[in-house]
Amino acid sequence: MELHILEHSLKVASIEKEGIQICTHGLIKLAFLASKTRCKFFSLTETPEDYTIIVDEEGFKELPQSEHISVADATWLALNVVSGGGNASSSQPIGVTKIAKSVIAPLADHNISVFMLSTYQTDFILVRERDLPMVMHTLSSEFTLLRVVNGETVAAHNLGVTNGFVKPKLVPRPIIHPLSSPSNMFCVTSLDPDTLPSVATLLMDVMFYSGGPKEPGASGEDSSHIRFFSFSLIEGYISLVMDEQTTQRTSFTSALPWIQGSRHFTTWSLPAKNKSL
C-alpha cells in the first residue's frame, strides 16, 4: 500500500453556531465559487455543537477574524492511503478499519495525535506538520511513502525528513475517550461539480438554516440522534455526508439527478466534552 502525503497546509477551526452569520460570505465563496479562490482543500462540517472547518492556507484567508472562531495552533497535513497505486479517486477503497489498524494505532502508540476526515471518495488522516518526521519513520515499514510536491508525486524518503529520528520505546496506551453510537443513519454522496449551481440554493439552506427551528411536536433533543452535515470540496471532488433526518427534512432527494452515488452508514462518535485536537 502507498501512503500519500498531500501538499496542502491545512488549518482546523471551530465556528460557534451563533457566529456562523459573519462567516457566511467566505464559506459560500469557498463552497460555491471555488474558481474565484486559490483554495484546493475545503471541508465544512456541522454538528449540534459547532461548525468545523478544515481548509488550506489560501482558503483560510477568505474567513474573517472573529471571537467566534477558534483555530487550532498547529498546521496540519493530509495523508491518504492508496491501494493499487494511482490517486484516491481511482484506487480501491481502504476502509476506516484498516486505516485504524495500520495507520492510527501505530501513531497512537507513539503519542502522535491524528484527525480524520471521511468523504465519499476517500478517507484523509490529518497529522500535525511538526509530527511528520516521526509519522514517516513510524509508518515506513508498512507503506511506500510518497509526497505530492508541486503537483508531482515523488518518493518521500528523498526529501530527507526522517534522518536522525529513532523510534521511542513503546509504552502501554490507555483508552481515554468513551465512545457513543448515535441511532440515526448517515448518507454519503458524491456530487457532480458541473451541476453544483443547480443545487446551490438547497445546499445553502442545509448548511446555514435547516438546523434552526425544531419540527412540530419535538419536545426536546433526542440524544440518540445527532444532526450532522458535511460538505467537502477537495481537489475538484465534492462529497456530502448527512444524517437521514436532515436528508428527509430538507427534501434533498429532489437533487438525486445530480448525485453520482450514495452510501448509507451508522457511525461512532466521541462526546464533545472529550474531544481535543
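Values quoted throughout were computed directly from the atomic coordinates according to the rules given, and no laboratory measurement underlies them. Being a predicted model, the structure only gives us computed values, none of them experimental. Cβ: placed from backbone, ideal geometry, glycine included. Neighbour counts: every protein chain shown.
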* To do: Could you work out how far apart the two model spin labels at Glu67 and Tyr209 are, taking each label as a point 7 Å from the Cα in the direction of the beta carbon, and quote it in nm?
  => 2.9
* In nm, to one decimal, how far is the modelled label at Glu142 from the one at Gln21, with both set 7 Å along Cα→Cβ? -> 4.7
* Structure fact -> Everything considered on the Cα gyration tensor (a ≥ b ≥ c; rounded for a/c under 1.5, else prolate if a/b is larger than b/c, else oblate), region 1-41 must be described as oblate
* Once fully extended, how much extra length lies between Ile104 and Glu57, figured as 0.36 nm per residue of separation less the alpha-carbon to alpha-carbon distance? -> 14.4 nm
* Asked: If we count other beta carbons within 10 Å of each Cβ, what is the order of Tyr51, Tyr237, fewest first?
  -> Tyr237, Tyr51
